[in-house]
Amino acid sequence: FIGFAIRASTPISFVILAVYLALAVWMLWLYPRAYYDALEFGIDDHGSTIERGVWWRSHTALPRIRVQHSDVSQGPLQRRYGVATLKLYTAGSHYNKVELPGLRHDEAVAIRDALIAGGADVKVNNKYCYRLPEGKVIPK
């Protein structure tokens, strides 16, 4: 597609190339940040809720009693930049895994531990705040 646009010397081919490059820049550079900014989640005594999506918003509610186990995973690039993905697994065949990508590693571990402990309060809009058992609130 790009080769055709470069070989053809008509003005429309340059417009197509410019649109293609603009979309590529947006998808590779701007969309991940917009997706992360739109990611909201909360954890309370009953379970977790996740809202995500840039154009089409989805709302996922996961009761705590449905969570069978959780995992914090990191790929090579995630390790390099200190981020992780929190994975919550449930019983069932469809939608049996809920993921929260792009969290700082220590925050993903803290959220996982809060889910395991059962009494943590987290209300987040990409600003992390954990309610500790002593009642202290520590913003991170």
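Cβ-Cβ distances below 7 Å connect the following pairs, each with a first residue in the stretch 92-112 that is assigned to a helix (DSSP H, G or I), a second residue that is open to solvent by 40 Å² or more (accessible area, probe 1.4 Å) and at pLDDT below 85, and a separation of six or more residues or different chains: 107/140. The residues of the stretch 113-123 that are modelled with pLDDT under 75, in contact with a helix residue (DSSP H, G or I) (Cβ under 9 Å, 6 or more places away or on another chain) and not in a loop (DSSP other than H, G, I, E, B) amount to a single one, 122.
Against the numbered list (1) touching a residue at least 40 places away in the same chain (Cβ under 8 Å); (2) in contact with a strand residue (DSSP E or B) (Cβ under 8 Å, 6 or more places away or on another chain), residue 46 comes up short only at (1). I need the full set of residues from the stretch 33-83 which are of a type in the set (Gly, Ala, Ser) and touching a Leu at 6+ places or on another chain (Cβ under 6 Å), in order please. Selection gives 47, 48, 70.
The values are calculated or read from the model by the stated rules, or taken from the named source; none is laboratory data. All values reported here derive from a predicted model rather than from experimental measurement. Positions of Cβ are generated from backbone atoms using ideal geometry, with glycine treated the same way; all protein chains shown enter the neighbour counts. Accessible surface is based on the protein model in full, side chains and every heavy atom, while ligands, DNA and RNA are left aside. Shrake-Rupley method; radii C 1.70, N 1.55, O 1.52, S 1.80 Å.
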